[in-house]
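The values are calculated or read from the model by the stated rules, or taken from the named source; none is laboratory data. Source: prediction; values computed, not measured. Backbone-built Cβ (ideal geometry, glycine too); neighbour counts: all protein chains shown.
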Amino acid sequence: MSLLNKENRDLSLEFTMKRINMNIYVGNLAYSLSEDELRSEFANYGEVVSVKIIVDRENNNRSKGFGFVEMADNEAGQKAIEELNGKVVAGRNLRVNEAKPRNF
């Protein structure tokens with residue numbers, strides 16, 4: 001493998017690793033917090049791909065107090081985790097960490 005090909009491969013891998021979306025668990029949410037409000041908290045750290053607050057369908061779609069935020073890249077996600085974990089939002093201290101993959 002030539003040096004140029006190795007450099008291109010390394011740069012491509014670095015770019016790919018930066019662009020992989022990070023899924024973040026957010027717990028201890030105030031029941032009144034909206035997805036838009038949660039999105040705006042995370043948008044300060046980078047591009048937010050999606051936000052989902054989990055609701056109880058059997059209890060008038062009331063928030064279960066946790067949700068998930070997907071950030072466009074790992075660096076932004078890691079920065080958001082560091083800055084937002086423990087931050088008071090709507091009167092509650094957020095619990096923020098990288099989401100664990102679901103096992104089916």
(request) Read through the list (1) closer than 13 Å to L33 by Cβ; (2) under 13 Å from the mean Cα position of the chain (by Cα); (3) modelled with pLDDT under 95, then give the number of the only condition that K100 fails. (result) (1)
(message) If I go through the stretch 38-90 residue by residue, how many of them are in contact with a Lys or Arg (Cβ under 9 Å, 6 or more places away or on another chain) and of a type in the set (V, I, T)?
(response) 6
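Do you know which residues across the stretch 67-94 are closer than 13 Å to L38 by Cβ and surrounded by 14 or more Cβ atoms within 10 Å (Cβ to Cβ)?
Within the stretch 67-94, G67, F68, V69, E70, M71, A80, L84, V89, A90, R92, L94 meet the criteria.
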(message) Checking D73 against (1) modelled with pLDDT of 95 or more; (2) within 10 Å of the chain's Cα centre (by Cα): exactly one of these is not met. Which one?
(response) (1)
(request) Collect the residues in the stretch 51-66 that are among the aliphatic types (A, V, I, L, M) and either out of contact with any Phe, Trp or Tyr (no Cβ under 9 Å at 6 or more places or on another chain) or crowded, with 17+ Cβ neighbours inside 10 Å (or both), keeping them in residue-number order. (result) V51, I53, V55
(request) Determine, yes or no, whether E35 is closer than 16 Å to N85 by Cα, of a type in the set (D, E, K, R) and at pLDDT 60 or above. (result) no
(request) Check off (1) among the small types (G, A, S); (2) touching a helix residue (DSSP H, G or I) at 6+ places or on another chain (Cβ under 8 Å); (3) closer than 13 Å to N97 by Cβ for G77 and give me the number that stays unchecked. (result) (2)
(request) Kindly establish whether K52 is over 12 Å from N28 (Cα atoms), in a loop (DSSP other than H, G, I, E, B) and basic (K, R). (result) no
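In the stretch 56-88, what count of residues is obtained for those that are within 27 Å of I20 (Cα to Cα) and either in a loop (DSSP other than H, G, I, E, B) or of a type outside the set (F, W, Y) (or both)?
Matching residues across the stretch 56-88 total 21.
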(message) Given the criteria among the charged types (D, E, K, R) and without any contact (Cβ under 8 Å) to a residue 60 or more places away in the chain, does K100 qualify?
(response) no
